[in-house]
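Trainee: My questions all concern the structure below.
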Amino acid sequence: MASQKTHDQRMNELVSLCRRRGFIFQSSEIYGGLNGCWDYGPMGVELKRNIKEAWWRDNVMSREDIVGVDCSILMNPRVWEASGHIESFTDPMVDCTQCRGRFRADQLEKNQCPTCGSKDKFTEARQFNLMFKTFVGAMEDSTSQVFLRPETCQGIFVNFDNILSSSRVKVPFGIAQIGKAFRNEINPRNFIFRSREFEQMELEFFVKPSEADEWFRYWKKTRYEWYLNYGIKQDRIHLREHEGKELAHYAAGCADIEYDFPFGRAELEGIANRTDYDLKRHAEFSKKDLSYFDEQAKERFVPFVIEPSAGADRATLAFLVDALEQEPERTVLRFHPKLAPVKAAVFPLVNKDGMPELAHKIHDSLKKNWVVAYDEKGAVGRRYRRHDEIGTPFCFTVDGQSTQDSTVTVRERDTMTQQRLSIDKVVEYLRDHL
């Protein structure tokens with residue numbers, strides 16, 4: 001219990017910091033909030049945007065074999081018939097007859113209610129579909145019913161032929177997408193880890209069936225190393241292969257990248273060999289040929305798909321947890337500089353003697369390229385602490401000497417060391433260190 005209390009304390013500290021420093025708020029908080037929904041504040045939106053941009057830069061912009069799409073959240077309901085979501089996208093749910101709480105039957109431990117502690121007091125399990133329903137047009141009947149997409153990958157599959165005919169892509173190639181998805185989770189929990197509205201960073205990589213195993217190994221290694229490259233501590237992240245009974249019916253292989261969150265080890269990203277299941281299903285339901293003709297080999301086949309699927313919100317949570325350190329004299333978020341919401345802060349030591357004017361000039365030169373802050377409130381040590389808490393890697397302070405010799409003090413977040421730097425080298429310094 002002591003260990004669990006420590007875990008709870010760590011999570012509570014993180015949630016408190018996120019609210020205090022403008023990372024994440026409860027959705028519609030002034031009305032009591034809405035469970036499972038979250039708003040990103042000024043710092044949170046920058047952090048999440050930096051994570052998504054890093055993912056897009058590394059998986060799309062820097063490669064010649066992957067293109068991007070941005071598909072509609074609403075799609076023809078037949079899409080979800082073909083994918084199997086209408087029939088089988090369900091969770092087994094039970095109600096506690098003691099406290100009337102509702103829970104997933106497969107997540108109960110020792111048949112005990114996690115809320116009131118009663119044992120063996122549950123209703124029979126019922127299947128509950130997780131898709132949100134809505135209607136298009138003026139009539140609210142079965143003919144106008146549609147769904148908010150529960151995942152982003154189906155939009156990629158139904159655009160497979162469009163991408164082939166409009167782009168100069170050849171198998172093997174990938175289609176990437178970052179976008180919102182919605183699941184009517186009965187029991188959203190663990191802050192932004194499991195919520196009803198979330199964002200996915202998803203890649204479908206189409207390959208020859210004979211090369212699927214090789215590409216599956218490649219993407220497992222590539223995606224695991226991506227998190228390490230952006231500062232995730234190696235002892236907290238794990239690559240776990242699924243056992244046979246865990247595999248989805250369409251998958252020939254699957255592995256999870258898991259992270260040690262305060263509430264336990266949990267999935268951060270999944271990499272799956274989805275075989276040719278999705279393209280064949282959509283070809284069957286739409287009557288559209290979704291095969292691929294290899295001109296060099298003179299053969300036609302339905303490609304297999306390797307899918308690395310990451311959650312932008314879960315990644316944001318992992319980078320927050322991993323970066324947070326409580327030191328004797330300060331709280332600090334040690335983000336990788338590329339992910340930090342604010343790249344630098346500029347301070348005048350005092351608001352007189354030409355220091356604010358010079359600090360504004362430096363700030364203006366930096367903000368053309370990066371998100372930077374200007375801060376003149378409070379003692380300079382207190383300003384350092386504020387920016388440690390939001391993960392700002394560098395702080396530039398204009399003092400009395402600055403107006404004499406055109407130098408400033410640059411202070412590094414992680415080491416707290418300071419050095420003098422010529423003002424005309426500030427932009428170059430920041431560019432080199434980012």
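Trainee: Given axes a ≥ b ≥ c from the Cα gyration tensor, I'd like to know whether segment 120-175 is rounded (a/c under 1.5), prolate (a/b larger than b/c) or oblate.
Mentor: Because a/c hits 1.5 or more and a/b fails to exceed b/c, segment 120-175 counts as oblate.
Trainee: Ranked from highest to lowest mean number of other Cβ atoms within 10 Å per residue, what is the order of the peptides 339-348, 423-432?
Mentor: 339-348, 423-432
Trainee: Once you keep just the Cα pairs under 8 angstrom separated by 6 or more residues, what percentage relative contact order results for segment 268-414?
Mentor: Across segment 268-414, relative contact order equals 21 percent.
Trainee: Taking the square root of 5 times each eigenvalue of the Cα gyration tensor, what semi-axes in Å does the equivalent ellipsoid of segment 296-434 have, largest first?
Mentor: Over the Cα atoms of segment 296-434, the semi-axes work out to 40, 20, 11 Å.
Trainee: Taking θ as phi - 60°, what are the ³J(HN,Hα) couplings along segment 131-141 by the Karplus curve (6.51, -1.76, 1.60), each to the nearest whole Hz, with x for Gly and Pro?
Mentor: Per-residue couplings from phi come out as 7, 7, 9, 8, 9, 10, x, 7, 9, 9, 9 Hz.
Trainee: Measure off 7 Å from each Cα along the Cα-to-Cβ vector at residue 61 and residue 124, then give the distance between these two points in nanometres to one decimal.
Mentor: 5.6
Trainee: Sticking with this structure for a sec: Sort the following peptides by mean Cβ neighbour count (other Cβ atoms within 10 Å, averaged over residues), highest first: 221-230, 311-320.
Mentor: 311-320, 221-230
Trainee: While we're looking at this one, here's another question. Amide H neighbours of residue 258 under 5 Å, at least 5 residues apart or on other chains, H built in the peptide plane: list them.
Mentor: Correct list: 238, 239, 240, 268.
Trainee: Describe numerically, in nm with one decimal, the distance between label points set 7 Å from Cα along Cα→Cβ at residue 19 and at residue 97.
Mentor: Placing both labels 7 Å along Cα→Cβ, they lie 3.7 nm apart.
Trainee: If Lys and Arg each add +1 and Asp and Glu each add -1, what is the summed charge of the other residues whose beta carbon sits under 13 Å from the beta carbon of residue 384?
Mentor: So the environment of residue 384 carries a net charge of +1.
Trainee: OK, next. Among the listed pairs 220/245; 180/367; 208/280, give every one whose C-alpha distance is greater than 18 Å.
Mentor: Beyond 18 Å between Cα atoms: 220/245; 180/367.
Trainee: How big is the equivalent ellipsoid of the chain along its three axes, where each semi-axis is √(5λ) from the Cα gyration tensor, reported in whole Å from largest to smallest?
Mentor: Three semi-axes, in Å: 44, 30, 20.
Trainee: List the residues of segment 25-51 whose backbone N lies under 19 Å from a point placed 7 Å from the Cα of residue 132 along the Cα-to-Cβ direction.
Mentor: Those under the cut-off are 25-41.
Trainee: Another question, if that's okay. Angle between the Cα long axis of helix 312-323 and the longest principal axis of the chain, 0 to 90 degrees, nearest 10?
Mentor: Result, in degrees: 40.
Trainee: Shifting gears a bit: Could you check the simple spin-label distance between residue 225 and residue 69, using points 7 Å along Cα→Cβ, in nm with one decimal?
Mentor: Inter-label distance under the simple model: 2.9 nm.
Trainee: Let me ask something else. Specify the angular offset, from 0 to 90 degrees and rounded to the nearest 10, of the alpha carbon long axis of helix 355-366 from the longest principal axis of the alpha carbons in the chain.
Mentor: It is inclined by approximately 30 degrees.
Trainee: Also: Report the FRET efficiency, 1/(1 + (r/R0)^6), for residue 142 and residue 186, where r is their Cβ-Cβ distance and R0 is 25 Å, rounded to 0.05.
Mentor: Efficiency at R0 = 25 Å is approximately 0.55.
Trainee: How long is the gain from residue 163 to residue 280 if the chain were fully straight, where each residue apart is worth 0.36 nm and the alpha carbon distance is subtracted?
Mentor: Result: 40.4 nm gained on full extension.
Trainee: Compute the helix-to-body angle for 277-286: its Cα long axis versus the longest principal axis of the chain, expressed 0 to 90° and rounded to tens.
Mentor: 60
Trainee: A further question follows. Express the relative contact order of the chain as a whole percentage, based on alpha carbon pairs under 8 Å and six or more residues apart in sequence.
Mentor: It rounds to 13 percent for the chain.
Trainee: Please name which of 311, 336, 321 has its Cα lying farthest along the dipole of segment 302-362 towards the positive end, using unit charges on Cβ (Lys, Arg +1; Asp, Glu -1) and the Cα centre as origin.
Mentor: Positive-end residue among those listed: 336.
Trainee: So, one more: Quick check on packing: order 112-123, 261-272 by the mean number of other C-beta atoms within 10 Å, highest mean leading.
Mentor: Per-residue Cβ counts within 10 Å, averaged per peptide and sorted highest first, yield 261-272, 112-123.
The numbers here are math on the coordinates, done by the rules we state, and not lab data. As the structure is a prediction and not an experimental result, all values here were calculated from the model. Heads up, the Cβs are rebuilt from the backbone with ideal geometry, glycines too, and the neighbour counts pull from every protein chain shown.
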